[in-house]
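Comments concern the structure below.
The values are calculated or read from the model by the stated rules, or taken from the named source; none is laboratory data. In this text the structure is predicted, and so the values were computed from the model without any measurement. Here the Cβ positions follow ideal geometry from the backbone for every residue, glycine too, while neighbour counts run over all protein chains shown. Keep in mind that these areas ignore ligands, DNA and RNA; they rest on the heavy atoms of the full protein, side chains included. Shrake-Rupley method; radii C 1.70, N 1.55, O 1.52, S 1.80 Å.
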Amino acid sequence: MRTAYSVETVRTAEQELMARLPEGALMQRAAAGLAAACADVLGRVYGSRVVLLIGSGDNGGDALYAGARLARRGAGVTALLLAPERTHAGGLAALRRAGGATVARGDGFLGTARELIRRADLVVDGIVGIGGKGGLRPDAAPLAEYAADSHSVVVAVDLPSGVEADTGEVHGPAVRADLTVTFGTHKPGLLIDPAREYAGSVRLVDIGLDLPDAPELEALQHVDVAARLPAPGAESDKYRRGVVGIAAGSARYPGAAVLAVSGALRGGAGAVRYVGPAADAVISRFPEALVSDLGPARAGRVQAWVVGPGAGDDASAVAEVLEAEVPVLVDADGLRLADRATVRARTAPTLLTPHAGEAAALLGVSRESVEGARLASVRELAARYGATVLLKGSTTLVADPGGGVVRVNPTGTAWLATAGSGDVLSGLAGSLLASGLSALDAGSAGAYLHGLAGRLAAEGAPVGAHDVAEAVRDAWRDVTG
């Protein structure tokens, strides 16, 4: 399990560790890991040109000590000091002893900085640490711009300067890194867009922090998903394995029903029961599906429902499903048609699966607001509806209504942004619900398999939603093999 902790938790752990270590030892650990990562990026350290962007805090100190290590190995290292009077004294002295040069902010600073960054092989971002908020200050923003315009490799110290560690939000100019070297643990902003886009690859350096059991975020890995997936036993039958009901599709959107059923059939449940106006399309594609035209309440036994994909304006089916005393997944049109009070009043688990536009409509804000504050948005939506929420997007998040850890999905590909892909996910996650998984586990395991299936199906080329559904079995084998 990959975990991420808040700034407050990290700082507390750092203070506790520093109290047990000699003065400066923790920073030296971080600097050693940073220098090693920079050396790996450079390949050949001797003769390389390294520029350090140095702010006023310990983040700058880490960069200066790492720069000193590189200078002792023959690199030409120059530190650009944005706040000369508040630069970390020990790190600055170490760099100068190792033969490094410094340029302090003053007249002509930006012109010199631009030329040094243009010629550099490596730029190390040590401007702002994990406590930074609100984007880069005006005096630092040009340095981020110069680095972005150069051919230099950019390495961020702990977190790209200008992004917010706890939220993943970006408010103003920020450094775009090729690699972020983070210390002790991941920070939420390294796993959540839009900040994740600025981090590049992430390398975690263990500095010995003692962290609590409950993180802010967690990202499942193969072994975690495998432990949650249902597996039939010798005594299993289709009902013991779970039956998932799919109330989806319409005369206008029969394909949504077909795609939701295709995902459900590959999600581990023992049977899929379809209810809706697309029965002919479903049965012609999937003869193993059980179809009914009697409505959800009279369709027969199910252990979970999926409602909404392609439903159009059929509010009656949504209301009927929400009255069922089994877990329910609500997607697409169902999100618009579901009464919030009814959802909140449910005693069985409810899983909502909006994309950013649908989440924005439910919250009464702009899509840009949701995309710019994904973590806050998924938590707010879960609290408002008293339901588990899977917020789809470039980084899919899953949050329970009672707060606690939020799951972030590490799999996927941009090719999944295709019509019908979400219908496959809803069927897949609904099937996992019917198999007995909690809403949090069904949503996060379903998103993991769906994202992995998208990668396997695409292999760098465009795919359709049906291709993703077909690849779920390969993804399942990959996870459990």
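Going by a ≥ b ≥ c, the root eigenvalues of the Cα gyration tensor, does the range 32-158 fall in the rounded group (a/c under 1.5), the prolate group (a/b larger than b/c) or the oblate group?
Working: a/c = 1.37, a/b = 1.22, b/c = 1.12.
Cα axes put the range 32-158 in the rounded bin.
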(request) For the range 41-85 and the range 200-214, write down the distance between their C-alpha centroids in whole Å. (result) 23 Å
(message) So, for the range 49-163, what is the accessible surface per residue at a probe of 1.4 Å, expressed in square angstrom?
(response) 40 Å²
(message) In Å², and per residue, what accessible area does the range 173-262 have when probed at 1.4 Å with the other protein chains present?
(response) 43 Å²
(request) Give, as a single signed number, the net charge of other residues whose beta carbon lies under 12 Å from the beta carbon of Ser421, with Lys and Arg counted +1 and Asp and Glu -1. (result) -2
(request) Please work out the Cα convex hull volume for the range 381-441 and give it in Å³ per residue. (result) 93 Å³
(request) Note down the nm distance, to one decimal, between modelled labels 7 Å out along Cα→Cβ at Asp149 and at Leu204. (result) 3.7 nm
(message) If packing is taken as the average number of other Cβ atoms within 10 Å across a peptide's residues, how do 353-361, 429-437 rank, most packed first?
(response) 429-437, 353-361
(request) Take the solvent-accessible surface of the protein heavy atoms, probe 1.4 Å, and return the percent of it on the range 367-416 that carbon and sulfur atoms account for. (result) 51 percent
(request) Starting from the coordinates of the alpha-carbon atoms of the range 331-412, obtain the Kirkwood hydrodynamic radius over all distinct pairs and give the value in Å to one decimal. (result) 12.5 Å
(message) Run lengths n ≥ 4 of DSSP H only: what is the helix-derived mean residue ellipticity at 222 nm for the chain, with -39500 (n - 2.57) per run over all residues, to the nearest 500?
(response) -12500 deg cm²/dmol
(request) In nm, give the distance between the simple-model label positions of Leu211 and Ala419, each being 7 Å from the Cα along the Cα-to-Cβ direction. (result) 4.2 nm
(message) What distance in nm lies between label points placed 7 Å from Cα along the C-beta direction at Glu85 and Glu325?
(response) 7.2 nm
(request) Round to the nearest 0.05 the FRET efficiency obtained for Ala341 and Ala36 when R0 = 56 Å and r is the Cβ-Cβ distance. (result) 0.50
(request) At most 15 other Cβ atoms within 10 Å and a DSSP loop assignment: could you name the trypsin sites (Lys or Arg not before Pro) in the range 285-326 that fit? (result) Arg301
(request) Could you look at the range 145-266 and say what percent of its accessible area is carbon and sulfur, using a 1.4 Å probe and all protein chains? (result) 47 percent
(request) Measure nothing fancy, just the Cα-based angle from helix 465-480's long axis to the longest principal axis of the chain, in degrees from 0 to 90, nearest 10. (result) 70 degrees
(request) Mind ranking Met27, Met1 by accessible surface for me, highest first, 1.4 Å probe? (result) Met1, Met27
(message) Run the Debye formula on the Cα coordinates of the chain, all scatterers equal and no solvent, and tell me log10 I(q)/I(0) at q = 0.05, 0.06, 0.08, 0.10 1/Å.
(response) -0.23, -0.33, -0.55, -0.77
(message) Taking the Kirkwood radius as the inverse of the mean 1/r across Cα pairs, report the Rg/Rh of the range 107-225.
(response) 1.02
(request) Using only the alpha-carbon atoms of the range 250-329, report the extent along each of the three principal axes, biggest first, to the nearest angstrom. (result) 29, 29, 19
(message) Helix 58-72 against the longest principal axis of the chain: what's the angle in degrees, Cα atoms only, rounded to the nearest 10?
(response) 60 degrees
(message) If I fit a long axis through the Cα atoms of helix 254-265 and take the longest principal axis of the Cα atoms of the chain, what angle between them do I get, 0 to 90°, rounded to 10?
(response) 80 degrees
(request) Calculate one ³J(HN,Hα) per residue across the range 164-173 by plugging θ = phi - 60° into the Karplus curve 6.51 cos²θ - 1.76 cosθ + 1.60, and present them in order as whole Hz with x for glycine and proline. (result) 9, 5, 7, 10, x, 8, 10, 10, x, x
(request) Please calculate how many Å² of accessible area the range 354-481 carries per residue, with a 1.4 Å probe and no DNA, RNA or ligand atoms counted. (result) 34 Å²
(message) I need the calculated FRET efficiency for the pair Thr12 and Arg384, taking r as the beta carbon distance and R₀ as 35 Å, to the nearest 0.05.
(response) 0.70
(request) Please state, rounded to one decimal and in Å, the Kirkwood hydrodynamic radius that the range 230-270 gives when every pair of distinct Cα atoms enters the mean of 1/r. (result) 11.4 Å
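Using the alpha carbons of the range 420-481, what is the convex hull volume per residue in cubic angstrom, as a whole number? It would help to have the intermediate numbers written out before the result.
Numbers: hull volume 4.3 nm³, N = 62.
Enclosed volume per residue, from the Cα hull, is 70 Å³.
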(request) Within the range 1-102, list the chymotrypsin sites (Phe, Trp or Tyr not before Pro) lying in a DSSP loop whose Cβ has at most 12 other Cβ atoms in a 10 Å radius. (result) Tyr46
(message) Could you report the accessible area of Ser236 in Å², rounded to 10, computed with a 1.4 Å probe on the protein chains as they sit in the structure?
(response) 50 Å²
(request) Quick one: compute a quarter of the convex hull surface over the Cα atoms of the range 35-88 and quote it in nm². (result) 3.3 nm²
(message) Considering only C-alpha atoms, what is the centroid distance from the range 114-178 to the range 449-481, in Å?
(response) 35 Å
(request) Provide the solvent-accessible area of Glu380, counting protein heavy atoms only and rolling a 1.4 Å probe, rounded to the nearest 10 Å². (result) 80 Å²
(message) Using amide H atoms built in the peptide plane, which far-off residues or other-chain residues are under 5 Å from Thr102 H to H?
(response) Ala79
(message) Quick check: with the 1.4 Å probe, what order do Trp305, Trp476 take by accessible area, largest first?
(response) Trp476, Trp305
(message) If I compute solvent accessible area with a 1.4 Å probe over the protein chains, what percent of it on the range 3-67 is carbon and sulfur?
(response) 47 percent
